[in-house]
Amino acid sequence: MLLNPQELLRDTMRLYRKEFWMYVGYATWFVVPTAIFYFAVVLPPSAIKMPLIILTVLAQLFISLWMAVAIMRATRALHMGETLEPQTISRHALRRIQPVLSAAFLQALIVVGGFLLLVVPAFIFWVWYALAQVIAGVEDKPALESLAASRALVRDRFWTTAWQLVAGPLVVMLLYSFLVGGLLLIIGSILGLD
């Protein structure tokens, strides 16, 4: 069952407040490679600088994929009322990275193929297969099955799903823009900047 945007936002905020430190714990894994990356960027030119930058970017990519799948699995477990076992979730998340990447690759190929046909098929394919990566990460399905499951979930709810895919990020982006704009206005006024 798809939730309407208000229910989804309310449930998400309740879950984030309740499990704030768990989400912070997963996000903290991203700090170390990011700090090493910024350290490597400011190093003077040397033989180790570029390999270190490449290594940290690869580490950031891997950790962000692992973190996204682990957060999806943890959120699903919490939503279903299951007990949260971080080691189990982390192990399962490591195993699901390849299917999530495969689903993302196939999804991208399908949407690009839709663009070759014209914009309308690309939009249709984007909506049909928008949930494939989440299904691959959470429901332990291979890439092709996750694409089929995504399409099955969207069937008979196409316009509702399309609206949520467009309006959700748009609302978050607008709220973020107003928040950052307001903070910059306050900081600029305090510091006397234009």
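The values are calculated or read from the model by the stated rules, or taken from the named source; none is laboratory data. Remember, predicted model here, so these are calculated numbers, not experimental data. These area figures cover heavy atoms from the full protein model, side chains too; ligands, DNA and RNA do not enter into them. Shrake-Rupley method; radii C 1.70, N 1.55, O 1.52, S 1.80 Å.
What residue among Thr75, Thr88, Thr161 shows peak mean-square fluctuation when the chain is described by a Gaussian network model with Cα springs under 10 Å? Maximum fluctuation in the GNM of the chain, among the listed residues, is at Thr88.
Accessible area of the chain with a 1.4 Å probe: how many percent of it is carbon plus sulfur? Spell out each step's value before the answer.
Numbers: 9870 of 13270 Å².
Carbon-and-sulfur percentage of accessible area, whole number: 74.
Per residue, the chain exposes an accessible area of 68 Å² to a 1.4 Å probe, with every protein chain left in place. Along each principal axis, taking the top coordinate minus the bottom one, the Cα set of region 29-138 gives 49, 45, 17 Å in descending order. Taken as entire DSSP H runs, the helices of the chain that both span 30 Å or more between Cα atoms along their own long axis and average 1.6 or more on the Kyte-Doolittle scale are 158-191. The fraction of all Cα pairs in the chain landing in successive 5 Å bins from 0 to the largest distance is 1, 7, 10, 13, 15, 16, 14, 11, 7, 4, 1, 0, given as whole percents.
Fully extending the segment from Ile124 to Val171 would add 14.7 nm, taking 0.36 nm per residue of separation and subtracting the current Cα-Cα distance.
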